[in-house]
Amino acid sequence: MIDNERPIAVFDSGIGGVSVLRELVALAPNENVIYYGDSANAPYGEKSPELVRELSFAVVERLLKMDAKALVVACNTATGAAVRKLREKYPLLPIVGIEPAIKPAVLFGEQLYKGTGRLSKILVMATPVTISQDKFHLLTEEYEQRAEIIPLPCPHLAELIEKGDPNSAEIKVYLRELLSPYGDVDAVVLGCTHYPFVKRHIEATLPSSKIFDGGFGTAREALRRIKNAELENISGKNGKITFLSSKAEETSELYRRFLEMNI
């Protein structure tokens, strides 16, 4: 008999995936979840795709030993580097990755300029590795006739957020300097799960731009696949969240603080 109370595993290179965890817990508070942050190796976004793939497989193997019933790769960089290979190796495991929310941003832009013939301008903030991957290029090419898409590498931003204070003066200055040339964009896509934690500072720098991230869509898709696999937890009990980290015990407490943060 399949035990549907087994946990959903969510993993990221560190704190960032907590932004996806928040959406998952809100949609399915009865599910048990293990959140694993590979903070000892964060950030993934500035490592080679080969190393990211190797790290991702090591994390997933550990989570499967903990009897995870499904996997959410809550990291854009790891999704691009490893999800296809993970699905090949574990074909029976529901696996969901995350990708930049370009489609909803494009749809927003089309409504904004409907009937004018004008294309919207969409800024996609992401890690250098995410932007360099074929998966990202294919995604942007799919919509290049429908919007002007501007990829913006954000080196070290995830690393700054990983320090634990998304309201630091260092982050505010970084974002002002990075984003000030883009005051005319209609939408900003947050292509890294760390970035929702600095959303308010992005909005302050680009107040006329609508912000999109993929957390909600990823959580909803994960639950859809779990339901289709008949793995829903229907016990009626409140779910338990277990935080694990490759770095240190205090990092797990940091994840919990970010989960409870008002963003």
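The values are calculated or read from the model by the stated rules, or taken from the named source; none is laboratory data. Only a predicted model underlies this, so the values are computations on that prediction, with no experimental measurement involved. With ideal geometry, Cβ positions are generated from the backbone for all residues, glycine too; neighbour counts draw on all protein chains shown. Protein only, heavy atoms only, side chains kept; ligands, DNA and RNA dropped before computing areas. Shrake-Rupley method; radii C 1.70, N 1.55, O 1.52, S 1.80 Å.
Observations on the structure shown:
- Estimated FRET transfer efficiency (Glu46, Asp184; beta-carbon r; R0 30 Å; 0.05): 0.55
- Normalised convex hull volume, region 1-47, alpha-carbon set, Å³ per residue: 79 Å³
- Here the ratio of the Cα radius of gyration of region 1-137 to 2.2 N^0.38 Å is 1.18.
- One chain, two ends: Ile234 and His156. Fully extended at 0.36 nm per residue, the span grows by 23.9 nm beyond their Cα-Cα distance.
- Probe 1.4 Å - accessible area at Ser48, Å² to nearest ten: 50 Å²
- Couplings for region 237-245, taken from phi via the Karplus curve 6.51 cos²θ - 1.76 cosθ + 1.60 with θ = phi - 60°, read 7, 5, x, 10, 9, 10, 9, 10, 9 Hz in order; Gly and Pro are left as x.
- Distance in nm between pseudo-label sites at Asn30 and Arg256 (7 Å out along the Cβ direction from Cα): 2.6 nm
- Distance histogram in 10 Å bins (all Cα pairs of the chain, percent per bin): 7, 31, 35, 20, 6, 0
- Once you reduce region 197-263 and region 130-181 to the center of their Cα atoms, the two points are 19 Å from each other.
- Residues in region 187-192 carry Karplus couplings, in order, of 8, 10, 9, 8, x, 8 Hz; the curve used is 6.51 cos²θ - 1.76 cosθ + 1.60 with θ = phi - 60°, and Gly or Pro positions show x.
- Area accessible to solvent at Lys227, 1.4 Å probe radius, in Å²: 120 Å²
- The label point for Glu144 and the one for Arg176, both projected 7 Å from the Cα toward the Cβ, are 3.6 nm apart.
- With a cut-off of 12 Å between beta carbons, the residues surrounding Leu206 carry a summed charge of +2, where Lys and Arg count +1 and Asp and Glu -1.
- Proximity of backbone amide H atoms, modeled 1.01 Å from N, is registered between Phe243 and Tyr35 at under 5 Å, excluding neighbours fewer than 5 places apart on the same chain.
- Each residue, Ala58 and Arg225, gets one label point 7 Å from its Cα in the Cβ direction; the gap between the two is 2.4 nm.
- Among Phe57, Phe11, Phe216, the sequence by solvent-accessible area, most first, with a 1.4 Å probe is Phe216, Phe57, Phe11.
- Computed as a quarter of the hull surface, the mean projected area of the alpha carbon convex hull for region 1-81 stands at 5.3 nm².
- Global geometry of region 213-263, whether rounded, prolate or oblate, following the gyration tensor of its Cα atoms and the 1.5 cut on a/c: prolate
- Per-residue ellipticity at 222 nm computed for the chain from its helices equals -13000 deg cm²/dmol, with DSSP H segments shorter than 4 residues left out and the rest contributing -39,500 (n - 2.57).
- Solvent exposure ordering (accessible area, 1.4 Å, most first) of Glu230, Glu253: Glu230, Glu253
- Two-site FRET efficiency, Leu107 against Arg200, from Cβ-Cβ distance with R₀ of 30 Å, rounded to 0.05: 0.80
- Axis of helix 76-89 versus longest Cα principal axis of the chain: the two differ by about 40°, to the nearest ten degrees.
- Reported value for region 127-250: 176 Å³ per residue, from the convex hull of its C-alpha atoms.
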